[in-house]
């Protein structure tokens, strides 16, 4: 027990070098924990973004691209799906519900989606959770808009406020739909998915604001005024939609319908199953994950080698200390145990500080990830597997401590008492 007390006092006496060593190990551990935690949280965040949707249909494109622009708002569609095709798919006997998605506008950096009430009734996320309203209701009037939770929070919006949409998907608004302002009718409850980053209008409204924009820019005098648009609301519909979310009556029909859609002769279409496409996405990014893991492991190894360097450097300075301990009755194995205990204590402090740093970094990065990518990443303790890795790192620290311990063990009392010039 006296040796353990000596270890604490010895570390305090060399606190500057010890603190630097602990900080080095803590930073390496934090990087390792962050890589694993963020990978797991982002993985779960992607999977919880869409649930209960059997097929996503879009124009012919790569499956991953279709998934990214339809669900996560990343990238743009290469083409659209005609309205007639959407109606045919929606009326197919195997289809229980169909949610149309018409993209192409933005509002202060957030994308705008034209859809219908089926979105609020059938869309699911997480563990098949339905969308709920934190305030207000779904759009009823032609020029009403429903905003996601993050949009309302970031822009400080409330029910009844006016909103002007921007034409195009660029982050910088060059052209505004100023002649057709919208009023916020509802604010969705937080979901931790890209839904929080989106504004929703009706398909009729999406069509109305684009009358006169057929050439990509507004043609003066060709647009329709708000009152006339409301009178024609039932007849307004878009010529095409960007993507369609399909829910089937039975999961057994998903493969057959997917094959029929992909072989559709009237129009080049792509139908994907979200879960399978997400797995393909993670397989593609798997190499990058492994590289990050290797880099994090090498950083941890560098931190442990730095600890060994510090212990070996201070060992020569402590030769007289070791000799005095031997002269006072300490046995060689006790001296070795003292050094191993010091190494373990430094490694344990580094691991604890590293885990705390990783939790702090996750908490600070969570708002940015939610705002930028619409992904909810919560600070959480490492998983059981990662705790085993950390235990292995602690064991490695003890093994590294054996190197100076064995060197001290082999030194004799006479060698320790000599003063070398």
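The values are calculated or read from the model by the stated rules, or taken from the named source; none is laboratory data. What you see is a predicted model, and the numbers here were worked out from it, not measured in a lab. Cβ sites come from the backbone with ideal geometry, for glycine too, and all protein chains shown count toward neighbours.
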Checking the structure you have, find out if any residue of region 41-48 is touching a strand residue (DSSP E or B) at 6+ places or on another chain (Cβ under 9 Å) and at pLDDT 75 or above.
yes
When you scan region 231-250, do you find a residue that is closer than 30 Å to residue 180 by Cα, assigned to a helix (DSSP H, G or I) and in the same structural domain as residue 97 (by TED's automatic domain parsing), even just one?
yes
Of the residues in region 233-246, those that are buried (at least 20 other Cβ atoms within 10 Å of the Cβ) and under 32 Å from the mean Cα position of the chain (by Cα) number 6
With at positive phi and assigned to a strand (DSSP E or B) as the only criterion, which of 104, 114 stands out?
104
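Yes/no matrix, rows are residues, columns are (1) within 21 Å of the chain's Cα centre (by Cα); (2) in a loop (DSSP other than H, G, I, E, B); (3) without any contact (Cβ under 8 Å) to a residue 24 or more places away in the chain:
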| site | (1), (2), (3) |
| --- | --- |
| 49 | yes, yes, no |
| 66 | yes, no, no |
| 70 | yes, no, no |
| 75 | yes, yes, yes |
| 78 | no, yes, yes |
